[in-house]
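> Can you keep this structure in mind? I'll have questions shortly.
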Amino acid sequence: MIQAPQAYTPVQQPQYRQQPQVNAVNIQIFDPKSFAQPDPTYAIPANSIYTVPTNSVYNPPSQQPPVPVPPPVENTQNVNPVPPSVIPPAPQPPQQTAPAPAPTTVTPPPAPQETQPVSTLDTKAMAAEVKSDNLETAGAAIEKIADIAQHNPVEAKQLLDQELMESLLGVIAKDTTQLQDATPKQLELRQQLADGKTLTAEETAEAQKISEKEMADRNKQYALFTVAILQDLLVKEFQAKNNVTPDIKDLPGMEQIVSTIKDSSSPMLRASGLAALAYNARPEYKPVMEEIFNLSKQDEDPNVRKVAEDGLAKLAEIK
């Protein structure tokens, strides 16, 4: 949750809801990680080959020895010799060849498809709450958006929604000059509390009342911080997909942040704008940011000058 900004006067501000736990400078974002599954690879098995026998399983037959020829008779009569008796060879069975098996084809299952994350946030409803006329409802909605963007990387990307961003920018641009501000009596009592003076219960309650203008300006402060968080998330997503950093002037909300720094009549909001700008300090943005911070070093308010000096110190550490 965003740390509830303190009222610009040094007196402690009353709380109209639970104090958040972060501020404009110490905001942490946990980058989402993506997980990819490798496609399975299937090897097609080779066909089984059976060896075809080339020799007969039967032994070749042997021949019988020839019958001896009788000697010739004395009367000179010629006798033809008896031809040898030959046993015909046994017939050989035909060679049998085992049929080759049909080739087996393994069809791999389809590779897993990347599934788009299911939207779990109703960004349209969240944008409607931010635009609510109930200032407390709007402030709570802005805090919720900032908390998700910082601490829930799975859902954070869903916050990069145009309608949601426009609702936050509408809060920043809203004219609050006609709203009821703290009364002189309240300011006096707050100063007495800051000085350690003991007040009655009624006086303390009066000092701690938050005016309508103070609540609206506080929502502006929350919106500035939340836009800075979403800008950082958008830059990281753009870098991951395109391997390049978007131009600072193309970041949604940058015009409203710079306008707040230069033109707001509230020192608290000018300082908050500088802190939101410094949150996205990057090497590519140094020239533009240095110019803005140097101009704000001449601000009439000491707190604004201090935030500008801190921003320049942060830029000096970037290489």
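The values are calculated or read from the model by the stated rules, or taken from the named source; none is laboratory data. A quick note: this is a predicted structure, and the numbers were derived from the prediction, not measured. Cβ: placed from backbone, ideal geometry, glycine included. Neighbour counts: every protein chain shown. Just so you know, the surface numbers come from the protein's heavy atoms only, side chains and all, with ligands and any DNA or RNA stripped out. Shrake-Rupley method; radii C 1.70, N 1.55, O 1.52, S 1.80 Å.
> How much accessible area per residue does segment 195-316 have, in Å², with a 1.4 Å probe?
Details: 5710 Å² over 122 residues.
On a per-residue basis, segment 195-316 sits at 47 Å².
> May I ask you to give the percent of accessible area on segment 147-272 that is carbon plus sulfur, with a probe radius of 1.4 Å?
Details: 3010 of 6160 Å².
Of all accessible area on segment 147-272, carbon and sulfur atoms account for 49 percent.
> What lysines does Lys241 reach when the alpha-carbon gap must be under 25 Å and sequence neighbours fewer than 8 apart in one chain are set aside?
Qualifying lysines at Cα under 25 Å: Lys33, Lys157, Lys249, Lys286, Lys319.
> Additional query: Report the Stokes-Einstein translational diffusion coefficient (µm² s⁻¹, integer) for segment 217-306, Rh taken as the Kirkwood radius over Cα pairs, at 4 °C with viscosity 1.567 mPa s.
The estimated diffusion coefficient comes to 96 µm²/s.
> Okay, next question. Rank-order 214-220, 307-313, 179-185 by packing density, defined as the average count of other C-beta atoms within 10 Å over each peptide's residues, highest first.
214-220, 307-313, 179-185
> Let me ask something else about it. Counting pairs of alpha carbon atoms under 8 Å apart in space and at least six apart in sequence, what relative contact order in percent does segment 153-256 give?
For segment 153-256, the relative contact order is 35 percent.
> Still on this structure, I have one more. Order of 289-300, 193-204, 149-160, 267-278 by packing, highest average Cβ count within 10 Å first?
Highest mean packing first, the order is 267-278, 149-160, 289-300, 193-204.
> For Lys197, which lysines qualify as cross-link partners when the Cα separation must be under 21 Å and same-chain residues fewer than eight apart are set aside?
Those lysines meeting the cut-off are Lys185, Lys209.
> What is the calculated FRET efficiency for Ala316 to Ser259, with r their C-beta to C-beta distance and R₀ = 22 Å, to the nearest 0.05? Present the calculation step by step, with values, prior to reporting the outcome.
Working: r = 26 Å, r/R0 = 1.16.
Using R0 = 22 Å, I get an efficiency of 0.30.
> Set the Förster distance to 35 Å, then compute FRET efficiency between Thr137 and Asn243 from the Cβ-Cβ distance, nearest 0.05.
Efficiency computed from Cβ-Cβ geometry: 0.30.
> How much solvent-accessible surface does Ile172 expose, in Å² to the nearest 10, with a 1.4 Å probe and all protein chains in place?
Answer for Ile172: close to 20 Å² accessible.
> Students often forget the sequence filter, so: which lysines lie under 19 Å Cα-Cα from Lys174 once same-chain residues fewer than 8 apart are removed?
Lys174 reaches Lys131, Lys213, Lys220, Lys262.
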